[in-house]
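Asks: A single structure is presented below for examination.
The values are calculated or read from the model by the stated rules, or taken from the named source; none is laboratory data. Note that the coordinates shown come from a computational prediction; the quantities given were computed from them, not determined experimentally. Here the Cβ is made from the backbone with ideal geometry for all residues, glycine too, and neighbour counts use every protein chain on show. Just the protein is used for accessible areas: all its heavy atoms, side chains included, with ligands, DNA and RNA removed. Shrake-Rupley method; radii C 1.70, N 1.55, O 1.52, S 1.80 Å.
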Amino acid sequence: LVQTALTVVVLAIVAVLVGWRIHEGVGKMFAAFGLLLLLGYACATLLARHRHPVATAYVVVAAVLVYFGAGYPYGPVLFTCAVAVFAAIVAGHRRAAWGAAAVLWAGHVLVMHWLYRWLPPPGDHAGGWIGETALAAWALVVLAASELLRTRREQWARERRERAAAEARRRDEERLRIARELHDVLAHSLSVVNVQAGVGLALLDSDPEQARTALATIKTASKEALGEVRQVLDTLRTPGDAPRTPAPGLDRLPELAEQAAGAGLRVDTRTEGASYRLPPGADLAAFRVVQEALTNVVRHSGSRTASVLIRYLPDALELRVDDAGPPTGEEAGGSGNGLTGMRERAAALGGRVEAGPREDGGFRVRVTLPVKGPAHP
């Protein structure tokens, strides 16, 4: 639609400003041929400039050269060449566009300085080189403006692609974050539920009261897991909505220890150094790392005790989770991505994770998270 409208505008300009000059200098039949040549051939060809930019540029240049060779008067006829060359350059056919401009100038020189003897009107004389210089300057201005716009359009297209790629990366990172959060929440809570379900089944006949306690622990753990899953999935709601609950942090370690106690694991927590408020990302990562480490103890270790050391350093937070072991060697039913998730969380913040067996048969997880500019030391 825009292409057709622009062509109609060009057609109107050429018809109004050139048509009357043709009628002044030549006969009516010859004038009709000039208008047909210019309007029906050159201007109509511009309709195809986006589909066939190279062919359009050379056809329009040829039509204009025939127009000049027929002895018709000058006017805004060169505007048709400018539109055709401009379309070719913007479409990326730079050499073809420059070649069409060179053909236009060379053809004009040929007509004005050699072929004029055999072309109408009779008794014509050679043109001056000032006009040729002006035509060359005009062509260079059109070409330069077209090149500038082509460069700008390529830059805009590149920026749009970069924005789209950045948006895709953000979506992928958000999906990875949500998957990691769901893994951590469900792995820990379902481990507690699994252990307590086993306790309840084992004690259902011999110790109903203890079985009742195990069922109550299952209810509490599943309720908290549902709440955390709902909080994670809140990020999928309409952008701009505030989360219903704050993200968990190290301040919820007592709850984590209580959940682990419900699964039969006693957790001893120690803190070294002057505590300070962590950035939200580091606080959440620290909580999830401890949660995953305790989940692994419940799943894979024969020990029923674990120790958590939180060391506040001036520029980093160090976490250490130990269990006395030994490993049970039984299939725990997990995904096997716990340590991988820890490393991804730490790497996202520029930290590192060291995990492996101890010499005494236990297992240790040490995590270091850099902290820049802690608030309220």
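Asks: From (1) touching a Lys or Arg at 6+ places or on another chain (Cβ under 7 Å); (2) at pLDDT 90 or above, pick out the condition that doesn't hold for Leu104.
Replies: (1)
Asks: Is the range 257-273 home to any residue that is of a type in the set (Ser, Thr, Tyr), open to solvent by 50 Å² or more (accessible area, probe 1.4 Å) and either within 30 Å of Gly350 (Cα to Cα) or at pLDDT below 70 (or both)?
Replies: Yes, because at least one residue in the range 257-273 is of a type in the set (Ser, Thr, Tyr), open to solvent by 50 Å² or more (accessible area, probe 1.4 Å) and either within 30 Å of Gly350 (Cα to Cα) or at pLDDT below 70 (or both).
Asks: Is it the case that Gly240 is modelled with pLDDT under 75, of a type outside the set (Val, Ile, Thr) and on the phi > 0 side of the Ramachandran plot?
Replies: Numbers: modelled with pLDDT under 75: yes; of a type outside the set (Val, Ile, Thr): yes; on the phi > 0 side of the Ramachandran plot: yes.
In short, yes.
Asks: Separate question: For the range 274-291, name all the residues that are in contact with a strand residue (DSSP E or B) (Cβ under 8 Å, 6 or more places away or on another chain) and open to solvent by less than 30 Å² (accessible area, probe 1.4 Å).
Replies: Tyr276, Leu278, Ala282, Ala285, Ala286, Val289, Val290
Asks: Give just the number: which of (1) open to solvent by 30 Å² or more (accessible area, probe 1.4 Å); (2) part of a helix (DSSP H, G or I) does Val61 not satisfy?
Replies: Val61 satisfies every listed condition except (1).
Asks: Moving on to the next point. Output the residues belonging to the range 243-256 that are open to solvent by 60 Å² or more (accessible area, probe 1.4 Å), assigned to a loop (DSSP other than H, G, I, E, B) and either modelled with pLDDT of 80 or more or among the charged types (D, E, K, R) (or both). Quick ask: steps written out before the conclusion?
Replies: Taking the range 243-256 and keeping what is open to solvent by 60 Å² or more (accessible area, probe 1.4 Å), we get 243-247, 251, 254-255.
Narrowing further to those that are assigned to a loop (DSSP other than H, G, I, E, B): 243-247.
Of everything in the range 243-256, just one residue is open to solvent by 60 Å² or more (accessible area, probe 1.4 Å), assigned to a loop (DSSP other than H, G, I, E, B) and either modelled with pLDDT of 80 or more or among the charged types (D, E, K, R) (or both), namely Arg244.
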